[in-house]
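To keep things clear, I will list the structure first and then write my remarks on it.
The values are calculated or read from the model by the stated rules, or taken from the named source; none is laboratory data. Since the model is a prediction, treat every value here as computed from it, not as a measurement. Counting neighbours? That spans all protein chains shown, and the Cβs are built from the backbone with ideal geometry, glycine included.
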């Protein structure tokens, strides 16, 4: 195996130098005249040992430098350029070892020839040969594909992806969607890829609403880049987009401006709100976490679950029919203000101040949540987000929801998806959850119902087949247990102050510096079986990322919302449409 | 030589140190013909001649030497001879002024054991060999360093011949000696130990403005030849500051010597070094200083060689049964 590794190592580019310490994990190479090494180049060298097989040491270039040998003073450079002082330009490259084969940690010897690793030697140096299933992530600086070990993505040996970087230039969501595309289309996951689902929360603009539209700016160079990775440049074939209902619209049409077809609205009925105890997710604000009234929240939620009866779209509590979220809130507040009923709703040991704090918050939520929790829309109209019954990719648009409503949607959706997976009890099919601004939903400090769900996913999701692809501007502000549970860590351009935090300790100093200048499309990916993060560029999206890029809409999106219900279902039976809906 | 001992003291300790007072300290009695370029009565400073430009390629030759260890031999009869294990190197640097590139065009490193011991043999220390150079006479320690100069000059001559092209100029560090046959070659003498000219002509020399030279004169010493003084760009106003003597082969006609003198005046000043970078500024030319640094690095590490010699001496002693 070692010999195979050294049979075709590529051209010699230099020799291990002896003026700096060579260690098994890091060494410097003097670059031969007429050759060059750039950052991220893969090299290989070999150490002969007296009583055993030779050791092949492979690594990547993590720093390069050039200097004048023979110059003593800075100003000597003028004499050298003038042709009066003899000096030699010498380049040297720092190599960080990625693989020692066999695992016998001896330093390379100064003077040993260093080869540029190409072909199999390169794949071996980067551990690609040990990956049974390799998901292409992009190309290295040398233009050759780099791969992700699928074992660390699908839960076999690890799961979850954490992507960090400055908003706007770090292209976090683009990389997350490209990774999904590669997972679904590379064929490396076999049958799993066909059944796997993705749940994407769109938090900014309408960027992710066009995943199923081909990108009109796609050129041949990009197609070739996809082909090099073994992928076809195409849009996501099977996408379903959900958007919240428009404010003040009684028919519940989805609130989107640029994408006009193939968007379904999502909401929860009052019955679901009460029966599924969704009330705690109304109190998921940053300020809410430190308050005393959680006891009231749970007690009211329990009361609603026990006494609320479905009543013609809305609910009926104690004989009062409540048709909207506002009615429900008013009713609860009224009951809590009444000395006679307060004990039933909030429990007996709760102070009036706490109850009032709860009531104030609840009233405050009316404006934000009224359009999501409905009693006036048909109960049986499809309105819930359920990835199992949805398309391969489900996009939930949150971008025009207020903060409290965003938290409510994310919390409730993740909870119901996770509970569904828990009940199924099997890790397959996989569910990829893409969530940006993770620092908002799972901050380092405090606790909230959403954070509990996310922690559950991070810690148990691996065995249940729920893979969290989290993105954030600052990994240092995300709950540590979520970051540490991510097997794959990705970094785009970082803020200088952020880059110095210990969360990025996996980046060697030179890469940490480079992350400050990384251009859009460049990512550093750290995966467990390669000791050095790989720098890669992923191709421009083949799907539209904004309305101006969108090509022709796929035909299935032209169906209207009512057609997505089964027209042949028997009216009045469980799965059919409601009486007051047009059945076809 | 079966056995030898290496002095534990650092060979640099107590080695002669070159005191170089500015200006000559002794009057030479060599015959001087001063009338070839200008009549002796009419001597004056000569500036750069219009129309003369520096050659595109200037080659500079220099050598360095270092004593790696002082040794003592053990003779069969109980006597002992001192010896020096020395490394020396010569190189030529090719300054391509047109392209702006100075390169080492050739360098040779040699080592030798200099001793008068009749029984001395080559010393092999690790993969380094010190061939024996037998010194004639009694070979007392004080005279041994001078013995290194011969082989070093021979090495300098050897490397000087390489890397020559048409229309270049070869500048040799020190007197020309036996290199007079090389074409377009100047000897460059940094420090003035002897005063060749009489008081009146010397006044012209020490009155030279920077970038000017004296008229060419002919010297009749053992190594006779054409010679002239030149003042390099220098800030100090001391009489001999920045003055160098340049010489060329006596076989040249007077016109050829004058042409070389004019050439030296447009070539050498740009190589002059700056005082804060070089203790021997401005006379120690920048390419020469760079060349010496490169050559010294090629001599190898002195402590390593000293250790190798010590080990070799111990091995030799063990083999001899002590």
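Is region A:77-100 home to any residue that is in a strand (DSSP E or B), touching a residue at least 40 places away in the same chain (Cβ under 8 Å), closer than 30 Å to residue B:57 by Cα and more than 14 Å from chain B (Cβ to nearest Cβ)? So far as region A:77-100 goes, yes, one or more of its residues are in a strand (DSSP E or B), touching a residue at least 40 places away in the same chain (Cβ under 8 Å), closer than 30 Å to residue B:57 by Cα and more than 14 Å from chain B (Cβ to nearest Cβ).
Screening A:579, A:529 for residues that are touching a strand residue (DSSP E or B) at 6+ places or on another chain (Cβ under 9 Å) and either at pLDDT below 85 or part of a loop (DSSP other than H, G, I, E, B) (or both) leaves exactly one candidate, A:529. If you scan region B:51-108, which residues turn out to be in a loop (DSSP other than H, G, I, E, B), in contact (Cβ under 8 Å) with a residue 24 or more places away in the chain, away from every other protein chain (no Cβ under 14 Å) and within 30 Å of residue B:167 (Cα to Cα)? Across region B:51-108, the qualifying residues are B:52, B:53.
Given the options A:373, A:363, name the one that is closer than 19 Å to residue A:256 by Cα and assigned by TED's automatic domain parsing to the domain that holds residue A:277. Give the steps one after another, and end with the answer.
Details: A:363 fails: closer than 19 Å to residue A:256 by Cα.
After applying the criteria, what remains is A:373.
Consider region A:40-71. How many of its residues are surrounded by 14 or more Cβ atoms within 10 Å (Cβ to Cβ) and either assigned to a helix (DSSP H, G or I) or within 14 Å of chain B (Cβ to nearest Cβ) (or both)? It would help to see each step written out before you state the result.
Filtering region A:40-71 down to residues surrounded by 14 or more Cβ atoms within 10 Å (Cβ to Cβ) leaves A:40-47, A:54-64, A:68, A:70-71.
With the extra rule that they be either assigned to a helix (DSSP H, G or I) or within 14 Å of chain B (Cβ to nearest Cβ) (or both), the set shrinks to A:68, A:70-71.
The total comes to 3.
Residue A:136 meets the conditions (1) within 14 Å of chain B (Cβ to nearest Cβ); (2) closer than 26 Å to residue A:510 by Cβ in every case but one. The failed one is (1).
Within region A:259-280, the residues that satisfy the criterion of being closer than 19 Å to residue A:545 by Cα and more than 24 Å from the chain's Cα centre (by Cα) are A:260, A:261, A:262.
Working only within region B:189-198, note down all residues that are assigned to a strand (DSSP E or B) and farther than 15 Å from residue B:219 by Cα. If you could, list the steps in order and put the result at the bottom.
Taking region B:189-198 first, the residues assigned to a strand (DSSP E or B) are B:189, B:194-195.
Residues satisfying the conditions do not exist here.
Is it the case that region A:121-130 has a residue that's more than 24 Å from the chain's Cα centre (by Cα) and within 24 Å of residue A:224 (Cβ to Cβ)? Scanning region A:121-130, I find at least one residue that is more than 24 Å from the chain's Cα centre (by Cα) and within 24 Å of residue A:224 (Cβ to Cβ), so the answer is yes. May I ask you to list the residues in region B:113-159 that are within 28 Å of residue B:179 (Cα to Cα), out of contact with any strand residue (DSSP E or B) (no Cβ under 9 Å at 6 or more places or on another chain) and part of a loop (DSSP other than H, G, I, E, B)? Those that are within 28 Å of residue B:179 (Cα to Cα), out of contact with any strand residue (DSSP E or B) (no Cβ under 9 Å at 6 or more places or on another chain) and part of a loop (DSSP other than H, G, I, E, B): B:136, B:137.
For the structure I just gave you, tell me whether residue B:296 is within 14 Å of chain A (Cβ to nearest Cβ) and either surrounded by fewer than 23 Cβ atoms within 10 Å (Cβ to Cβ) or outside any loop (DSSP other than H, G, I, E, B) (or both). It would help to see each step written out before you state the result.
Numbers: within 14 Å of chain A (Cβ to nearest Cβ): yes; either surrounded by fewer than 23 Cβ atoms within 10 Å (Cβ to Cβ) or outside any loop (DSSP other than H, G, I, E, B) (or both): yes.
When the stated conditions are applied, residue B:296 passes them.
Residues in region A:393-407 that are in a loop (DSSP other than H, G, I, E, B) and either surrounded by 21 or more Cβ atoms within 10 Å (Cβ to Cβ) or in the same structural domain as residue A:310 (by TED's automatic domain parsing) (or both): A:398, A:401.
Every residue, every condition in (1) assigned to a loop (DSSP other than H, G, I, E, B); (2) more than 11 Å from chain A (Cβ to nearest Cβ); (3) free of Cβ contacts under 8 Å to residues at least 24 places away in the same chain, yes or no:
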residue	(1), (2), (3)
B:277	yes, no, yes
B:282	yes, yes, no
B:287	no, no, no
B:291	no, no, no
B:300	yes, yes, no
B:306	no, yes, no
B:312	no, yes, no
B:316	no, yes, no
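Report yes if some residue within region B:229-245 is under 21 Å from residue B:89 (Cβ atoms), within 14 Å of another protein chain (Cβ to nearest Cβ) and free of Cβ contacts under 8 Å to residues at least 60 places away in the same chain; otherwise report no.
Kept after step one, since they are under 21 Å from residue B:89 (Cβ atoms), are these residues of region B:229-245: none.
Looking for residues that are under 21 Å from residue B:89 (Cβ atoms), within 14 Å of another protein chain (Cβ to nearest Cβ) and free of Cβ contacts under 8 Å to residues at least 60 places away in the same chain, one finds none in region B:229-245, hence no.
Only one of A:176, A:193, A:225 is in the same structural domain as residue A:533 (by TED's automatic domain parsing), more than 16 Å from the chain's Cα centre (by Cα) and within 21 Å of residue A:544 (Cα to Cα); which? Can you show your working first?
On the way: A:176 fails: more than 16 Å from the chain's Cα centre (by Cα); A:193 fails: within 21 Å of residue A:544 (Cα to Cα).
Of A:176, A:193, A:225, the one residue that is in the same structural domain as residue A:533 (by TED's automatic domain parsing), more than 16 Å from the chain's Cα centre (by Cα) and within 21 Å of residue A:544 (Cα to Cα) is A:225.
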